[in-house]
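Report on the structure given below.
The values are calculated or read from the model by the stated rules, or taken from the named source; none is laboratory data. Since this is a predicted model, take the numbers as computed values, not measurements. Glycine gets a Cβ as well: all are built from the backbone with ideal geometry, and neighbour counts include every protein chain shown.
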Amino acid sequence: MRDDFLSGLNPEQLAAVTLPHESALILAGAGSGKTRVLTTRIAWLVDSGLASPFGLMAVTFTNKAAREMLTRLTAMLPINTRGMWVGTFHGLCNRLLRAHHRECGLPAAFQILDMQDQLALIKRVMRALNVDEERTPPRQVQQFINSQKESGIRASACESYDPQTRRYIDVYGEYEQQCQREGVVDFAELLLRAYELLSRNAMLREHYQQRFRHILVDEFQDTNRLQYQWLKLLGGPDTAMFVVGDDDQSIYAFRGANVGNMRDFEREFRIGKVIRLEQNYRSFGNILDAANALIENNEGRLGKQLWTAAGPGEPVRVFEALTDQDEAHFIVEEVRQLHREGTALADMAVLYRSNAQSRLLEHQLFAAGVPYRVYGGLRFFERQEIKHALAYLRLTANRDDDGAWLRVVNFPARGIGARTLEAVQVAAREGGLSLWASCCSRPPGGAAANKLAVFVRLIDELSAEIAELPLPEKIDALLDRSGLRDYYRAEKDGEERLENLEELVNAAQNFQYEVEGGTVEDFLAHASLESGELQAEVAQDALQLMTVHSAKGLEFDAVWVCGLEEGLFPHENSLSAHDGIGEERRLMYVAITRARKRLYLTLATQRQLYGQTRYNLASRFLREIPEPLTQWLNRRPPSSANHGGYAAPRVQTGAAVYAGTQDLQGFRIGQSVKHGRFGQGVIVAAEGSGDDARVQVNFPEAGVKWLLLSYARLEAC
Ligand code: ATP
Ligand code: MG
């Protein structure tokens, strides 16, 4: 048995899997088998009797990764892996808090707020405090609160003399209290509470320290400070910490992740020798070389080289489209071609930097009848209709959940007006009560009272009716009783929403199957923590669409990385951030290294995004990939001589400039022109002809842009 899963490992991997009981750090590049080593070590520990399945904890980055780990373990071990502590930081903290909700001051049925719910609650608090949303944008307050929590700082411990920051702190304080009143916690709170629970309660801490003799962490480079502190609390004197990561794949600095944790870990856990894995088993040589060359442009790396025995494979294909429509069209056609040639759709992925890019792709995939699945984006559980249904479920479990109350008290409409709601909120605030409690104990007068009473009765009756039903039937019943089904049935475009509601019943069914004895609270927690992965269960073979961030740790036979343009990837927001370009480059490294056999890099000169037409230069990352590794499908590569600063003008000369023979609608290279938005500039290059003719103009104000002559309305000057 043991030989089965150990055979095939290379000597370094085998040594790592079978390390004695001590803490270890594996620092290795993409595709070198870190996750495989970590999973195999769990199997080896359990199989050789060195750990019980419940005496270890493994932390992964996504629910998908956690599930995959459990599936692999099930294949390696003849045990039921269901109760094992394998999950994400959030998932594991949630589990800890549920088990000890009393000790940490939470109701048994505490609910988790996702980012949307959190923002809504912050807005409510701001309104109650009369804080102006224009001057103090709620999203910034949200960021402030989350980053304070991630640094382990409660509102009471925040200090500032700056009036704006003081305002943030006031909202933070009131928000904390409101969450406590409602019995809800946000994502950052899950971690902070779990941390505080263990740091304040020595008995509990020792219990877990003795229990978990092994703690294994994947993607360690992306842990933030608080997560690391939490891990340190859980690890006792006899706990072996097994940590794997890759500094080149650190892509969450913007959320507080800290690569420095790797250095700290090495020091604090007295790691004698960092283990390195250098053979890549995932990708062919050209893909790997492209990734290696790209990441070499970053500074301050811990440094490592990857090699593969797989041979060079195909060149990296680059396609430059004129418009984003053409780019999407190209991708869809290639996907279909590969599919015809025998690659399963699920083994292909299109990766993009920003969620907004998926819409056009989805549109064209839909039109072409190619099944696809979007990860991230608007998650299944974040859809309006699903939130409404879950709000009813939440209220049946916890009447004090104000967020849920507000969401459905007048949905479907019951004639409860904004003024009534306002009055209830004021009364609740004054009485220090939840909206529900306030409504019951001091209802507003007049006709409104009757309408509110109808709602109260509905929830009470609904709770009683579904109390004894299994979870999927509970949901099925509440969809009818609440009027949600009828509402969406009557709505003009409600069909998809109805389907989603039916899908929710399926989701509950699957959940019951997966989590034996799962309660309503468990399901609701799952809904908040899950990232839309449930749809995978029902979808047939489907192309995978996701942001590069969500592709972490995954692999596919063929990968398209699209939108490779300055401003999009690297993202324009990164320019002002510390090490922003470095982080974007690591993101690009992650993207490239997802591909096993075939990699496409695509870009469009002209793109419609966020309601604007943008004309972008090719991404600098394209220039950082050595030309011999690539095959430009429709154009010659950009000159690699132009390394360097942002938006460095890419002035093409010689053969690339066809101006002499080309119809440029009367314009010529070197000519001064004027554009309605960008002002005056000089034409520095040109391409194409007829309707497709475009020129590159250097605008002193706006930078260098490619413009389609037929659209740009340039004037000679
Ligand atoms: P990432 O940094 O992207 O998370 P990783 O280092 O975790 O990558 P894995 O996902 O564990 O890498 O492994 C990459 C691929 O290589 C997987 O398909 C894995 O099964 C395969 N692999 C790893 N080690 C070996 C080996 N010794 N022999 C054959 N295949 C291997
Ligand atoms: Mg991995």
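Miscellaneous remarks
- Among residues of the range 10-25, those that are farther than 17 Å from Leu50 by Cβ and buried (at least 18 other Cβ atoms within 10 Å of the Cβ), counted: 3
- Search result, residues across the range 38-48 that are more than 9 Å from ligand 2 (Cβ to nearest atom) and either part of a helix (DSSP H, G or I) or surrounded by 24 or more Cβ atoms within 10 Å (Cβ to Cβ) (or both): Thr39, Thr40, Arg41, Ile42, Ala43, Trp44, Leu45, Val46, Asp47
- Taking the numbered list (1) at pLDDT 95 or above; (2) in contact with a strand residue (DSSP E or B) (Cβ under 6 Å, 6 or more places away or on another chain) in turn, Arg586 passes all entries but (2).
- The set of residues in the range 249-282 that are within 14 Å of ligand 1 (Cβ to nearest atom) and either modelled with pLDDT of 90 or more or small (Gly, Ala, Ser) (or both) comprises Gln249, Ser250, Ile275, Arg276, Leu277, Glu278, Gln279, Asn280, Tyr281, Arg282.
- Considering residues of the range 355-382 that are surrounded by 15 or more Cβ atoms within 10 Å (Cβ to Cβ) and outside any helix (DSSP H, G or I) only, the residue modelled with the highest pLDDT: Val370
- Every residue from the range 230-248 that is crowded, with 22+ Cβ neighbours inside 10 Å and within 15 Å of ligand 1 (Cβ to nearest atom): Phe242, Val243, Val244, Gly245, Asp246, Asp248
- Within the range 1-37, the set of residues being acidic (Asp, Glu) and either within 16 Å of ligand 2 (Cβ to nearest atom) or within 18 Å of Val217 (Cα to Cα) (or both) comprises Glu12, Glu22.
- All told, Ala290 meets the bar of being within 16 Å of ligand 1 (Cβ to nearest atom), in a helix (DSSP H, G or I), more than 26 Å from Leu216 (Cβ to Cβ) and not hydroxyl-bearing (Ser, Thr, Tyr).
- When Met84 is tested against (1) closer than 22 Å to Ala24 by Cα; (2) at pLDDT 95 or above; (3) not hydroxyl-bearing (Ser, Thr, Tyr), only condition (2) is not met.
- The range 70-87, subset β-branched (Val, Ile, Thr), surrounded by fewer than 20 Cβ atoms within 10 Å (Cβ to Cβ) and in contact (Cβ under 8 Å) with a residue 24 or more places away in the chain, residue farthest from ligand 2 (Cβ to nearest atom): Ile79
- Test result for Gln221, surrounded by fewer than 16 Cβ atoms within 10 Å (Cβ to Cβ) and of a type in the set (S, T, N, Q): no
- Restricting attention to the range 97-127, the residues that are touching a residue at least 40 places away in the same chain (Cβ under 8 Å) and more than 20 Å from Asn146 (Cβ to Cβ) add up to 7.
- Close pairs from the range 276-293: first without any contact (Cβ under 8 Å) to a residue 40 or more places away in the chain and more than 19 Å from Val37 (Cβ to Cβ), partner β-branched (Val, Ile, Thr) and within 12 Å of ligand 1 (Cβ to nearest atom), Cβ under 9 Å, at least 6 apart: Gly285/Thr308
- Candidates Gly403, Gly446 - the one that is closer than 30 Å to Ala128 by Cβ and surrounded by fewer than 20 Cβ atoms within 10 Å (Cβ to Cβ): Gly446
- Single residue of the range 267-287 satisfying the filter (part of a loop (DSSP other than H, G, I, E, B), within 16 Å of ligand 2 (Cβ to nearest atom) and not charged (D, E, K, R)) that is surrounded by the most Cβ atoms within 10 Å (Cβ to Cβ): Ser283
- Helices (runs of 4 or more DSSP H) fully within the range 87-204 that include at least 3 residues being more than 23 Å from the chain's Cα centre (by Cα): 89-99, 115-128, 163-182, 187-200.
- Qualifying residue in the range 240-262 (condition: assigned to a helix (DSSP H, G or I) and of a type in the set (S, T, N, Q)): yes
- Residues in the range 399-434 that are under 18 Å from Arg481 (Cα atoms) and of a type outside the set (A, V, I, L, M, F, W, C): Arg399, Arg407, Asn410, Pro412, Arg414, Gly415.
- Against the list (1) charged (D, E, K, R); (2) within 16 Å of ligand 2 (Cβ to nearest atom); (3) in contact with a strand residue (DSSP E or B) (Cβ under 7 Å, 6 or more places away or on another chain), the condition Lys64 fails is (3).
- A single member of Arg154, Arg167, Arg139 is under 27 Å from Leu191 (Cα atoms), of a type in the set (Lys, Arg) and buried (at least 18 other Cβ atoms within 10 Å of the Cβ), and it is Arg167.
- Cβ-Cβ distances below 8 Å connect the following pairs, each with a first residue in the range 500-517 that is among the aromatic types (Phe, Trp, Tyr), a second residue that is crowded, with 16+ Cβ neighbours inside 10 Å and in a helix (DSSP H, G or I), and a separation of six or more residues or different chains: Phe511/Leu471; Phe511/Asp522; Phe511/Phe523; Phe511/His526.
- In the range 1-54, the residue that is nearest to the chain's Cα centre (by Cα) out of those that are of a type in the set (Asp, Glu) and within 15 Å of ligand 1 (Cβ to nearest atom) is Glu12.
- Of the helices (runs of 4 or more DSSP H) lying entirely inside the range 407-518, those containing at least 1 residues that are under 29 Å from Arg95 (Cβ atoms) are 435-441, 447-466, 471-481, 495-514.
- Of the residues screened, Ala58 is one that is of a type in the set (A, V, I, L, M), within 16 Å of ligand 2 (Cβ to nearest atom) and either within 24 Å of the chain's Cα centre (by Cα) or surrounded by fewer than 19 Cβ atoms within 10 Å (Cβ to Cβ) (or both).
- Arg67 assigned to a helix (DSSP H, G or I) and either of a type outside the set (A, V, I, L, M) or crowded, with 23+ Cβ neighbours inside 10 Å (or both): yes
- Residues located in the range 682-709, provided they are more than 39 Å from the chain's Cα centre (by Cα) and without any contact (Cβ under 8 Å) to a residue 24 or more places away in the chain: Val682, Ile683, Asp691
- Residue match in the range 323-342 (condition: of a type in the set (Asp, Glu) and under 30 Å from Trp85 (Cβ atoms)): no
- Checked against (1) within 13 Å of ligand 1 (Cβ to nearest atom); (2) modelled with pLDDT under 95; (3) not polar (S, T, N, Q), Val217 meets all criteria but (2).
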